[in-house]
Amino acid sequence: MRRRTPPPPAPLPQRHGVDPVRVRLPVDGTWATVREHLVERLTGAGPGVVASMFDAGLVVGADGRPVPPGAPYRPGAFVWFHRELPAEVPVPFPVKVVHRDEHIVVADKPHFLATTPRGSHVAETALARLRRELDIPTLTAAHRLDRLTAGLVLFTVRPGERGAYQTLFRDRRVRKEYEAVAPYDPALALPRTVRSRIVKERGVPAAREVPGDPNAETRVELAGHRDGLARYRLFPATGQTHQLRVHLSALGVPVLGDPLYPEVTAPVPAGDFRRPLQLLAARLEFTDPVTGTEHRFVTGRALAAWTSYEAWAAGR
């Protein structure tokens with residue numbers, strides 16, 4: 001199989017820790033100009049926005065020079081531009097660095113902060129923040145946590161090494177341990193391993209279990225219980241979207257503060273950081289594929305509903 005030629009390096013610098021947008025023009029395109037294609041492709045930008053970007057010289061080619069409004073369409077070519085950052089409410093919690101060396105950064109992400117830029121969360125993400133705070137523009141995420149989940153995330157420093165660390169997760173060579181606070185059910189026999197098939201459809205907020213061969217596996221253990229609540233230890237063998245939340249909900253003990261499972265609830269207003277989802281990526285263990293070092297990282301965070309349920313429930 002012929003390997004696809006990698007794209008040229010971005011001719012534009014990052015802004016606020018966010019990479020410029022790269023667009024590859026389709027090889028089977030029939031548009032007369034680059035501008036015509038982008039107007040059709042970026043319909044969500046609003047009327048006149050793309051045209052004004054060309055007029056202002058904000059769309060550039062691989063040489064860093066502005067693409068003229070009438071530049072002819074060239075199939076397979078690349079262009080870059082900076083997206084207009086959305087208005088974001090700052091997440092008022094720090095991203096704590098647990099470990100940093102020349103190869104990796106391990107961060108302890110707070111609740112409510114997305115891992116990487118996506119949708120309406122761009123500059124207010126763990127990746128963009130760390131790029132700015134640590135002055136490492138090449139930093140990239142080796143995996144992701146849900147925005148509402150707190151805990152340990154692995155980032156890579158050198159682009160050429162990212163694939164080696166991502167392969168660890170793909171090949172299930174990272175031992176991940178999570179903690180969750182959810183209702184206690186004395187009839188629920190634990191420990192147990194939950195296996196099911198989970199699908200997540202684009203544009204649908206919640207994932208769901210469907211018949212078929214399992215693609216998601218989680219070991220669930222009981223770490224303690226009191227006053228009708230339980231603290232669970234979760235060991236995912238796979239990494240499907242919302243896997244732990246789906247599996248606990250299916251067991252009848254949905255994670256406290258979950259707005260999606262078992263039922264989708266109305267979104268909270270922007271800036272409402274009360275009652276965070278009680279799910280925490282508590283531990284990461286793996287053999288470093290570059291240095292051979294045995295890494296064991298532990299979160300410094302605790303789940304508020306377990307340490308003080310009344311304060312969590314009251315949103316304090």
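The values are calculated or read from the model by the stated rules, or taken from the named source; none is laboratory data. Quick caveat: nothing in here was measured; it's all calculated off a predicted structure. Here the Cβ positions follow ideal geometry from the backbone for every residue, glycine too, while neighbour counts run over all protein chains shown. For accessibility, only protein heavy atoms count, side chains too; no ligands or nucleic acids. Shrake-Rupley method; radii C 1.70, N 1.55, O 1.52, S 1.80 Å.
Once both labels are positioned 7 Å from their Cα atoms along Cα-to-Cβ, the gap between Val49 and Ala313 label points is 4.4 nm.
Across segment 73-114, the residues whose backbone nitrogen lies under 12 Å from the label position 7 Å along the beta-carbon direction of Asp288 are 99-106.
If the only charges are +1 at each Lys and Arg Cβ and -1 at each Asp and Glu Cβ, what is the size of the charge dipole of segment 190-316 around the Cα centre, to the nearest 20 debye?
On the way: 17 positive and 13 negative charges, 29 e Å.
With only Lys, Arg, Asp and Glu charged at Cβ, the dipole is about 140 debye.
Give, to the nearest whole percent, the P(r) tail of segment 89-185 beyond 18 angstrom, counting all Cα pairs. For segment 89-185, the fraction of Cα-Cα distances above 18 Å is 46 percent. Derived scalar couplings between HN and Hα for segment 279-288 equal 9, 9, 7, 8, 8, 10, 9, 6, 8, 4 Hz in order, rounded to whole Hz, by the Karplus curve 6.51 cos²θ - 1.76 cosθ + 1.60 (θ = phi - 60°), x for Gly and Pro.
What does the charge add up to near Asp101, with Lys and Arg as +1, Asp and Glu as -1, over the other residues with Cβ less than 13 Å from its Cβ?
Working: positive: Arg100, Arg158; negative: Glu102, Glu161, Asp288.
So the environment of Asp101 carries a net charge of -1.
Labels on offer are [x] 75, 45, 37; [y] 70, 46, 42; [z] 57, 42, 37, and the one holding Cα extents along the principal axes in Å computed from this structure is [y].
In terms of the Cα gyration tensor, with a ≥ b ≥ c the square roots of its eigenvalues, is segment 1-64 rounded because a/c is under 1.5, prolate because a/b exceeds b/c, or oblate? It comes out oblate by the Cα gyration axes.
Separation of segment 22-45 and segment 290-311, taken as the distance between their Cα centroids, equals 45 angstrom. Would you work out if segment 162-289 is rounded, prolate or oblate? Take a ≥ b ≥ c from the square roots of the eigenvalues of the alpha-carbon gyration tensor; rounded if a/c is under 1.5, else prolate when a/b is larger than b/c, oblate otherwise. Since a/c stays below 1.5, the shape of segment 162-289 is classed as rounded. In terms of its C-alpha gyration tensor, segment 210-275 comes out oblate, because a/c is 1.5 or above while a/b does not outweigh b/c. For segment 232-316, the set of GluC sites (Glu not before Pro) satisfying both a DSSP loop assignment and a count of at most 16 other C-beta atoms within 10 Å is given as Glu263. For segment 202-220, the residues whose backbone nitrogen is under 19 Å from a point 7 Å from the Cα of Arg195, taken along Cα to Cβ, are 209-220. Each Lys and Arg Cβ is given +1 and each Asp and Glu Cβ -1; about its Cα centre, the chain then shows a dipole of about 500 debye. At a probe radius of 1.4 angstrom, the accessible area of segment 158-258 per residue rounds to 52 square angstrom.
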